[in-house]
Each structure stands twice: as structure tokens, then as C-alpha cells.
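What follows is one structure encoded as C-alpha cells, with my remarks underneath.
The values are calculated or read from the model by the stated rules, or taken from the named source; none is laboratory data. Because the structure is predicted, anything quoted here is derived from the model rather than measured. Cβ placement follows ideal geometry from the backbone for every residue including glycine, while neighbour counts extend to all protein chains displayed. Note: areas computed on protein heavy atoms with side chains; ligands, DNA, RNA excluded. Shrake-Rupley method; radii C 1.70, N 1.55, O 1.52, S 1.80 Å.
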Amino acid sequence: MNDSPPVFLVGPMGAGKTTVGRHLARLRGMQFIDADHELEARTGVDIPYIFDKEGEAGFRDREEQLIDDLSQERGIVLATGGGVVMREANRTHLKNRGRVVYLYTEVEQQWRRTRKSKNRPLLQQDNPKKILKELMALRDPWYREVADLIIPSKAQSARSLAMLINQKLTQMEPKS
């Protein structure tokens with residue numbers, strides 16, 4: 001098992017955290033975990049169901065406990081949910097327990113990538129593009145606050161983004 005400090009991917013929905021994270025974990029010889037999938041596995045229900053039954057606050061409580069648990073793991077690449085930075089405890093755990101990579105993605109690209117998804121409760125409203133703009137305005141400063149690296153997620157492939165992130169993380173590692 002890889003004993004490296006964890007790598008946390010943050011950013012808005014549609015940034016590619018899960019896809020890039022899988023490639024990055026392979027490149028670094030680490031285990032990949034998607035926080036939303038892990039939460040669903042632990043609860044036995046999907047995210048929309050948690051939102052429906054417990055509201056966003058209930059979901060965020062569960063997410064906070066999950067982040068506290070997972071951020072203490074070593075040798076993992078963790079793709080977080082888009083709203084993970086909204087809780088100060090999460091920001092503190094991510095910042096203090098590993099390397100944080102912010103996959104910055106413009107709203108137009110987020111919208112293109114998420115517009116057909118039925119598994120994103122915050123977007124199940126009349127004007128999802130407006131919601132994405134509002135979420136980005138609110139969350140972008142927090143993503144930047146916790147980030148060790150900010151990587152624009154533009155048109156390049158997930159694999160090439162993962163290679164770029166791996167290269168930059170390797171450059172940040174202390175020389176032994």
C-alpha cells in the first residue's frame with residue numbers, strides 16, 4: 001500500500017474530479033475514492049434520496065463525517081463533492097491532511113457536462129445554469145483558499161490533466 005499523503009480533488013460539479021482522480025491514482029500508485037460514491041455505499045442510498053429525506057443540511061452532516069474519516073487515510077486520491085468546501089471543518093481537514101488540487105472549470109463547461117444529469121439534486125430546478133453561476137460565485141473563493149494547486153480544467157483529456165497534476169505534485173514533494 002502506498003503510504004503517501006492523500007491528494008484531494010476539489011472543484012465544482014462537472015469539473016471532472018472523478019475521471020481525473022481515477023487517472024491520477026493510477027499514475028501515483030494510490031487508491032481512488034469518490035466521496036459521493038463512498039457516502040452512498042456507507043448509507044445504502046443515493047445522494048438524491050439523502051437530500052430528499054434529510055435536506056442539504058443532513059447531507060452536509062454526513063459528508064463532514066465522511067471527510068473527517070477519509071482525510072486521515074494515506075495513499076488515496078479523493079474526489080470530493082462540489083460543496084465540500086462549504087463547511088469550515090472540511091476545509092480545515094483537507095488543507096491540513098494532504099495536498100489539495102482545485103480543478104477550476106468555467107460555468108459554461110460545467111453546464112455542458114451536467115445538464116443531462118438526474119443525480120445532482122441542486123440542479124433539479126428551472127434554471128440550472130443560474131444555479132451553477134451562483135454556486136461558483138459562492139464556492140470559488142473557498143476552493144482557492146484550500147488549494148495547493150489550481151489546475152484549469154479546459155478541453156484537455158482527463159488523462160492529460162492527471163499527468164499535469166502528477167507532474168506538479170511530484171515537483172512539490174520534498175527531496176529526500
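Quick notes on this structure:
- The chain: angle of helix 158-172 to the longest principal axis, Cα-based, in degrees nearest 10: 50 degrees
- Rounded percent of accessible protein surface that carbon and sulfur make up, the chain, 1.4 Å probe: 48 percent
- 1.4 Å probe accessible area per residue over the chain, in Å²: 51 Å²
- Highest-MSF residue in the chain out of Gly44, Gly75, Gly58 [GNM, Cα springs under 10 Å]: Gly44
- Where only DSSP H runs of four or more residues are counted, the chain gives -17500 deg cm²/dmol as its mean residue ellipticity at 222 nm, each run worth -39500 (n - 2.57).
- Förster radius 25 Å - calculated FRET efficiency between Leu138 and Val45 (Cβ-Cβ, nearest 0.05): 0.40
- All other residues whose Cβ lies under 13 angstrom from that of Pro5 are scored, Lys and Arg at +1 and Asp and Glu at -1, for a net of +1.
- The loop-placed GluC sites (Glu not before Pro) in the stretch 1-59, going by DSSP, include none that has at most 12 neighbouring Cβ atoms within 10 Å of its Cβ.
- What the Cβ-Cβ distance of Asp3 and Lys129 gives, at R0 = 41 Å and to the nearest 0.05, is a FRET efficiency of 0.45.
- With a Förster radius of 22 Å applied to the C-beta separation of Gln167 and Glu106, the computed FRET efficiency comes to 0.45.
- Placing dummy labels 7 Å off each Cα toward the beta-carbon, the span from Ser157 to Thr92 is 4.2 nm.
- Positive contributions from Lys and Arg (+1) and negative ones from Asp and Glu (-1), summed over other residues with Cβ under 11 Å from the Cβ of Ala57, come out at -2.
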